[in-house]
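Chemist: I have a structure here, written as structure tokens, and I will follow up with some questions on it.
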Amino acid sequence: MTVDFLVIGAGVAGLSFALRAARHGSVLVLMKGGAYESNTAWAQGGIATVLPETQCFSGDSIESHVADTLDAGAGLCNETAVRTIIAEGAATIEDLTGYGVDFDKVGERFQLGKEGGHSYRRILHTRDTTGLAIARALIETARQTPNLTLLEHHVAIDLITTTKLGAVADDRVLGAYVLNALTNEVSVFRSDRVVLAAGGCGKVYLYTTNPDSATGDGVALAWRAGASIANMEFIQFHPTCFYNPGATGPEARSFLVSEAVRGEGGVLINDKGEDFTKHSDPRGSLAPRDIVARAIDRELKRTGADCVYLDVTHQPKGFMRERFPYIHETLLKYGLDCATRPIPVVPAAHYQCGGVVTEVNGQTGISGLYAVGEVACTGLHGANRLASNSLLEGNVMARLALADMLCHCAPGKPAPLPPPIPDWQPGNTAEPDELVVIYHNWDEIRRLMWDYVSIVRTDNRLRRAAARLRNLGKEVREFYWGHRVNADILELRNLVTAASLIVDCAVRRKESRGLHFTLDHPATEERFRHDTVLRKF
Ligand code: SIN
């Protein structure tokens, strides 16, 4: 199959791109699972945006949003990217409301929430299911858009580039090998404009707020294709994932309690009822996430407790039900009335701040290949993402990526004839009868990343993780080449690559900055004020 635009992933970035691109050519969007299995659909908080006073009451300014973003990013943001993305906030809200997203309002003006690290109320939201509201609006619109096909249960195996096919003159993307996860058949999807919008890699860690689909597919595909990857050491841990030890099923294990709850007065306390976060930062529970997550980690180690608590019991009666109905209901389902009892919480892996090196318009080093949203590293987040900046980034990048493509590789513009694309070679065609190997390795990667490469790191732990991942990578490669591919093997292969990229970046950063904290190098050092860039070739 040949299409004008091939999009891998269907969160806010992929769908925002697809809906616009469909006005210019045929678009195919590949989704690993169902349409709603994305980080976007799970996002609770909202979109940080500065709007004119006619649309909201805030006293806020673009300069203040830029300053907060740079402050959270701990010296590693690309200020040009920050300014470009933040300046596009109003256009993003117009774009999304145009698709039918219904942000909460008070009267005629948008209601603004507050989150950690923000100097003003500036988070537009739809109660506490903002991501779902956005996903629903985009998916519903996409389903009715001519020229746009959403293909569920299709997993990209590898990108096809001229370089991989042996051409040396130019490095261009030609499409992808794609597995139909229902039939296990592999096809070639040809396109000279490919958009990676595959999200992040939270499932690399044992505890995460991400859905099961977040297995680092985007960075792994880009890395194997030869794109540069940067700043993977900066994995953001969300401070408040519901601690529910007996739970089974992804929702119960990964349930996020939005930072917006702290924005509305929720306070983190230990089991003695003390507000321990104040010892780390005067902003207490509303300090940026890296600080709060480390404060919790320290408190858990100091007290030996399994969790800390998010206390909202002082809120007026009915407040949680009204402002955070999804969180309130879900906690009730697990037997906790947060109006009367503090919520047990622990930090969990939440967001990948690094990724595929791109311009702010998503352009990678491979011609025709763009990466947008969480998978990309534009420099917006630097060493730590400011809460609720990422849905904004996804939408803005999608619009800029299309504009760039239409300038530089408009459909029909002649390109040198590519080498012929070989059919998929299934390798040694044995069926994967040893699934236990996959599950064992999957589990081992997630545990070792949690134990050795999470909130607090050391040289020794990183060395151990690197050694184990080298062996696991070898095993997974042998398994991959020795068996007919299926979705589980592909995810495991991507997971081990993403984990290795995180560790490879982390061992290079011999300082502590933003989300990367190591006991062996606790200071922030000027000589390390640069991105950690990994190049394959
Ligand atoms: C949250 O609701 O706490 C998540 C918001 C974000 O990660 O941007």
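Chemist: Since ASP297 meets every condition but one in (1) surrounded by fewer than 24 Cβ atoms within 10 Å (Cβ to Cβ); (2) closer than 25 Å to GLY382 by Cα; (3) in contact with a helix residue (DSSP H, G or I) (Cβ under 8 Å, 6 or more places away or on another chain), which condition does it not meet?
Modeler: All conditions pass for ASP297, except number (3).
Chemist: Here is a follow-up. Consider GLU37 carefully, then state whether it is open to solvent by 50 Å² or more (accessible area, probe 1.4 Å), in a loop (DSSP other than H, G, I, E, B) and under 22 Å from GLY216 (Cβ atoms). Spell out how you get there, then give the answer.
Modeler: Working: open to solvent by 50 Å² or more (accessible area, probe 1.4 Å): yes; in a loop (DSSP other than H, G, I, E, B): yes; under 22 Å from GLY216 (Cβ atoms): yes.
Here the answer is yes, as GLU37 does meet what is asked.
Chemist: Can you go through LEU124, LEU112, LEU132, LEU138 and tell me which one is over 24 Å from SER61 (Cα atoms), within 16 Å of the ligand (Cβ to nearest atom) and in contact with a Phe, Trp or Tyr (Cβ under 9 Å, 6 or more places away or on another chain)?
Modeler: On the way: LEU124 fails: over 24 Å from SER61 (Cα atoms); LEU112 fails: over 24 Å from SER61 (Cα atoms); LEU138 fails: within 16 Å of the ligand (Cβ to nearest atom).
Checking each option against the conditions leaves just LEU132.
Chemist: Wholly within the stretch 156-272, which helices (runs of 4 or more DSSP H) include no fewer than the required count, namely at least 3 residues that are surrounded by fewer than 24 Cβ atoms within 10 Å (Cβ to Cβ)? Working first, answer last.
Modeler: Working: elements: 217-225, 250-253, 259-263.
Answer list for the stretch 156-272: 250-253.
Chemist: Checking GLU511 against (1) surrounded by fewer than 17 Cβ atoms within 10 Å (Cβ to Cβ); (2) assigned to a loop (DSSP other than H, G, I, E, B): exactly one of these is not met. Which one?
Modeler: (1)
Chemist: Taking LEU286 as meeting all but one of (1) in contact with a helix residue (DSSP H, G or I) (Cβ under 8 Å, 6 or more places away or on another chain); (2) open to solvent by less than 20 Å² (accessible area, probe 1.4 Å); (3) within 16 Å of the ligand (Cβ to nearest atom), write down the number of the exception.
Modeler: Condition (2) is where LEU286 drops out.
Chemist: Which of the residues spanning the stretch 522-536 are in contact with an Asp or Glu (Cβ under 7 Å, 6 or more places away or on another chain) and assigned to a loop (DSSP other than H, G, I, E, B)? Talk me through it step by step, then tell me what you get.
Modeler: In the first step, residues of the stretch 522-536 are kept if they are in contact with an Asp or Glu (Cβ under 7 Å, 6 or more places away or on another chain); the result is 523-525, 528, 532, 534.
ALA523, THR524, GLU525, THR532 - these are the residues of the stretch 522-536 that are in contact with an Asp or Glu (Cβ under 7 Å, 6 or more places away or on another chain) and assigned to a loop (DSSP other than H, G, I, E, B).
Chemist: Here's something else I'd like to know. When you scan the stretch 486-500, do you find a residue that is open to solvent by 60 Å² or more (accessible area, probe 1.4 Å), part of a helix (DSSP H, G or I) and either touching a residue at least 40 places away in the same chain (Cβ under 8 Å) or among the hydrophobic types (A, V, I, L, M, F, W, C) (or both), even just one?
Modeler: Here is the first cut: in the stretch 486-500, the residues open to solvent by 60 Å² or more (accessible area, probe 1.4 Å) are none.
Among the residues of the stretch 486-500, not one is open to solvent by 60 Å² or more (accessible area, probe 1.4 Å), part of a helix (DSSP H, G or I) and either touching a residue at least 40 places away in the same chain (Cβ under 8 Å) or among the hydrophobic types (A, V, I, L, M, F, W, C) (or both), which makes the answer no.
Chemist: Also: Condition (residue is out of contact with any Asp or Glu (no Cβ under 9 Å at 6 or more places or on another chain), open to solvent by 60 Å² or more (accessible area, probe 1.4 Å) and closer than 22 Å to LEU19 by Cβ) applied to the stretch 127-138: is it met by at least one residue?
Modeler: Within the stretch 127-138, one or more residues are out of contact with any Asp or Glu (no Cβ under 9 Å at 6 or more places or on another chain), open to solvent by 60 Å² or more (accessible area, probe 1.4 Å) and closer than 22 Å to LEU19 by Cβ.
Chemist: So in the stretch 355-388, with the set limited to residues that are β-branched (Val, Ile, Thr) and more than 11 Å from the chain's Cα centre (by Cα), which one is farthest from the ligand (Cβ to nearest atom)? Before you say what the answer is, go through the steps one by one.
Modeler: First pass over the stretch 355-388, keeping only residues β-branched (Val, Ile, Thr): 356-358, 360, 364, 366, 372, 375, 378.
Filter again for more than 11 Å from the chain's Cα centre (by Cα), leaving 356-358, 360, 364, 366, 378.
Values: VAL356: 20, VAL357: 22, THR358: 20, VAL360: 19, THR364: 24, ILE366: 29, THR378: 16 Å.
Restricting to residues being β-branched (Val, Ile, Thr) and more than 11 Å from the chain's Cα centre (by Cα), the top hit is ILE366.
Chemist: Out of the residues in the stretch 74-88 meeting the condition of being among the aliphatic types (A, V, I, L, M) and not in a loop (DSSP other than H, G, I, E, B), tell me which one is surrounded by the fewest Cβ atoms within 10 Å (Cβ to Cβ).
Modeler: First, pick out the residues of the stretch 74-88 that are among the aliphatic types (A, V, I, L, M): 74, 76, 81-82, 85-87.
Now narrow it down to the ones that are not in a loop (DSSP other than H, G, I, E, B): 81-82, 85-87.
Details: ALA81: 23, VAL82: 25, ILE85: 26, ILE86: 24, ALA87: 14.
Once the filter is applied, the top-ranked residue is ALA87.
Chemist: With respect to ALA74, determine if the residue is out of contact with any Leu (no Cβ under 7 Å at 6 or more places or on another chain), without any contact (Cβ under 8 Å) to a residue 60 or more places away in the chain and among the small types (Gly, Ala, Ser).
Modeler: Working: out of contact with any Leu (no Cβ under 7 Å at 6 or more places or on another chain): yes; without any contact (Cβ under 8 Å) to a residue 60 or more places away in the chain: no; among the small types (Gly, Ala, Ser): yes.
No.
Chemist: Taking the conditions exactly as written (at pLDDT 95 or above, under 30 Å from THR129 (Cβ atoms) and away from the ligand (no atom under 16 Å from the Cβ)), does ARG464 satisfy them or not? I'd like the intermediate steps shown before the answer.
Modeler: Values: at pLDDT 95 or above: yes; under 30 Å from THR129 (Cβ atoms): no; away from the ligand (no atom under 16 Å from the Cβ): yes.
For ARG464, the condition - at pLDDT 95 or above, under 30 Å from THR129 (Cβ atoms) and away from the ligand (no atom under 16 Å from the Cβ) - is not met.
Yes/no matrix, rows are residues, columns are (1) hydrophobic (A, V, I, L, M, F, W, C); (2) touching a residue at least 12 places away in the same chain (Cβ under 8 Å):
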site	(1), (2)
VAL267	yes, yes
ASP297	no, yes
PHE319	yes, yes
LEU332	yes, no
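Chemist: Then there's this: Which one of these is open to solvent by 50 Å² or more (accessible area, probe 1.4 Å), under 21 Å from SER285 (Cβ atoms) and not basic (Lys, Arg): TYR326, TYR351?
Modeler: Details: TYR351 fails: open to solvent by 50 Å² or more (accessible area, probe 1.4 Å).
Answer to the selection: TYR326.
Chemist: What number of residues within the stretch 389-411 satisfy the criterion of being within 13 Å of the chain's Cα centre (by Cα) and open to solvent by less than 10 Å² (accessible area, probe 1.4 Å)?
Modeler: So in the stretch 389-411, the residues within 13 Å of the chain's Cα centre (by Cα) come out as 389-394.
From what's left, open to solvent by less than 10 Å² (accessible area, probe 1.4 Å): 389, 392-394.
Residues flagged as within 13 Å of the chain's Cα centre (by Cα) and open to solvent by less than 10 Å² (accessible area, probe 1.4 Å) within the stretch 389-411 amount to 4.
Chemist: Name the residue, out of ILE157, ILE86, that is within 29 Å of ALA21 (Cα to Cα), at pLDDT 95 or above and within 16 Å of the ligand (Cβ to nearest atom).
Modeler: Values: ILE157 fails: within 16 Å of the ligand (Cβ to nearest atom).
So the residue among ILE157, ILE86 that is within 29 Å of ALA21 (Cα to Cα), at pLDDT 95 or above and within 16 Å of the ligand (Cβ to nearest atom) is ILE86.
Chemist: What number of residues within the stretch 57-71 are more than 16 Å from the ligand (Cβ to nearest atom), free of Cβ contacts under 8 Å to residues at least 60 places away in the same chain and either assigned to a loop (DSSP other than H, G, I, E, B) or not small (Gly, Ala, Ser) (or both)?
Modeler: Residues meeting the conditions: 5.
Chemist: Testing ILE134 on (1) closer than 25 Å to GLU259 by Cβ; (2) without any contact (Cβ under 8 Å) to a residue 60 or more places away in the chain, one condition comes back false. Which one is that?
Modeler: Tallying (1) closer than 25 Å to GLU259 by Cβ; (2) without any contact (Cβ under 8 Å) to a residue 60 or more places away in the chain, ILE134 fails exactly one: (2).
Chemist: Same structure, new question: Quick check: is even one residue across the stretch 334-354 touching a Phe, Trp or Tyr at 6+ places or on another chain (Cβ under 9 Å), under 28 Å from ALA72 (Cβ atoms), part of a loop (DSSP other than H, G, I, E, B) and within 14 Å of the ligand (Cβ to nearest atom)?
Modeler: Yes.
Chemist: Restrict the check to the stretch 227-243 and report whether at least one residue is in contact (Cβ under 8 Å) with a residue 40 or more places away in the chain and farther than 30 Å from CYS377 by Cβ. Break it down stepwise before answering.
Modeler: Residues of the stretch 227-243 in contact (Cβ under 8 Å) with a residue 40 or more places away in the chain: 227-243.
Subset that is farther than 30 Å from CYS377 by Cβ: 243.
Yes, the stretch 227-243 has at least one match.
Chemist: Output the number of the condition that ARG253 fails; it satisfies all remaining conditions of (1) within 16 Å of the ligand (Cβ to nearest atom); (2) more than 30 Å from ASP531 (Cβ to Cβ); (3) charged (D, E, K, R).
Modeler: Status for ARG253: all satisfied but (1).
Chemist: Any residue in the stretch 104-131 that is under 15 Å from GLU264 (Cβ atoms) and assigned to a helix (DSSP H, G or I) sitting within a Cβ distance under 8 Å of a residue that is within 10 Å of the ligand (Cβ to nearest atom) and open to solvent by less than 30 Å² (accessible area, probe 1.4 Å)? List the pairs, counting only those 6 or more apart or interchain.
Modeler: Going by the 8 Å Cβ cut-off, the qualifying pairs are THR130/ALA43; THR130/GLN44; THR130/GLY45; THR130/GLY46; THR130/ILE47; THR130/LEU391.
The values are calculated or read from the model by the stated rules, or taken from the named source; none is laboratory data. Everything quoted here is computed from the prediction, not taken from an experiment. Here Cβ is always computed from backbone atoms with ideal geometry, including for glycine, and neighbour counts include all displayed protein chains. Side chains included, ligands, DNA and RNA excluded: accessible areas come from the protein's heavy atoms. Shrake-Rupley method; radii C 1.70, N 1.55, O 1.52, S 1.80 Å.
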